[in-house]
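Below is one structure, written out as structure tokens; the observations come after it.
The values are calculated or read from the model by the stated rules, or taken from the named source; none is laboratory data. Since the model is a prediction, treat every value here as computed from it, not as a measurement. In this analysis, Cβ positions are derived from the backbone assuming ideal geometry, glycine residues included, and neighbour counts consider all displayed protein chains. The protein model used for the area step is the full one, side chains on, heavy atoms only, and it has no ligands, DNA or RNA in it. Shrake-Rupley method; radii C 1.70, N 1.55, O 1.52, S 1.80 Å.
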Amino acid sequence: DEDAPVTYLEYRIKEPSGNYHWVAGTLVPLEDEATHTITAISYVVDIDERRRREDAVIDKSRRDGLTGLLNRNAMFELIASTLEGLGHKGRHSLFMIDLDNFKAINDNFGHVFGDAGLPEVLREVADGIRSVFRPTDALARIGGDEFLVFLENVDKPDVLARKAGEVVSTLHKSYIGPGQNFPLSCSVGISVYPDDGRTVIDLFKSADA
């Protein structure tokens with residue numbers, strides 16, 4: 001661009017090892033007034049450490065501090081971005097997982113075992129959900145006892161039913177305290193894009209229903 005005296009771009013370079021390294025490139029165009037020939041001077045600076053620090057801060061702000069899953073805002077943004085981008089022609093599924101007896105555990109288990117008890121239960125639930133789905137599937141904790149899973153390009157009823165059954169089976173367990181037993185179970189709602197909604201809010205409402 002002749003009107004831009006300097007062009008600046010941050011990008012990644014793929015190293016021979018397969019790892020990526022962040023650099024910043026600056027390009028300064030130079031025009032010879034006599035011949036109007038344009039040449040340029042460019043230089044590249046290593047910004048890998050700075051970018052990784054920034055990315056880590058951004059990633060932390062998008063995650064639930066207890067389970068490490070995505071938070072509500074990050075999950076909704078990811079789904080919306082998929083549906084508004086190249087994914088709008090695909091068929092995707094949203095799982096809503098709600099812990100049925102969490103209030104009883106919250107009222108009793110936390111009281112029996114102290115503050116460390118409840119977070120441990122939720123972390124176990126998150127790990128259980130992770131074990132059922134693919135690493136590429138998006139998982140989120142959106143509330144005290146509510147979780148979401150977004151599966152891109154998956155809509156076959158038999159696959160969804162099997163996954164739902166695996167979630168129910170995985171999370172069906174009991175937590176035993178002194179003289180008390182606190183059973184845990186879950187309910188799973190599923191919506192499919194675009195049949196059950198064309199926006200993230202509509203899909204969420206359908207899965208919740």
Accessible surface ranking that places the most exposed of 91, 162, 198 first, with a 1.4 angstrom probe = 198, 162, 91
Quick calc: nm separation of the 7 Å Cα→Cβ label points for residue 60 and residue 86 -> 3.2 nm
Can you give the calculated 222 nm mean residue ellipticity of the chain, where each DSSP H run of n ≥ 4 adds -39,500 (n - 2.57) and the sum is split over every residue, rounded to the nearest 500 deg cm²/dmol?
-> -10500 deg cm²/dmol
Sequence-distant or interchain residues sharing an amide H contact under 5 Å with residue 175, placed H: which?
-> 182, 184
Taking Cα atoms, how many degrees apart are the long axis of helix 72-84 and the longest axis of the chain, rounded to 10 and kept between 0 and 90?
-> 60 degrees
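Under a 1.4 Å probe, what is the accessible area of the chain per residue, stated in Å²?
60 Å²
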Got a sec to turn the phi values of segment 147-159 into Karplus ³J(HN,Hα) couplings, 6.51 cos²θ - 1.76 cosθ + 1.60 with θ = phi - 60°, whole Hz, x for Gly and Pro?
-> 10, 10, 9, 10, 10, 7, 6, 10, 8, 5, x, 5, 5
So how much accessible area does residue 32 have, in Å² to the nearest 10, using a 1.4 Å probe?
-> 70 Å²
Hey, what do the phi angles of segment 31-41 turn into as Karplus ³J(HN,Hα) couplings, whole Hz, using 6.51/-1.76/1.60 and θ = phi - 60°, x for Gly and Pro?
-> 10, 6, 5, 7, 9, 6, 7, 9, 10, 8, 10
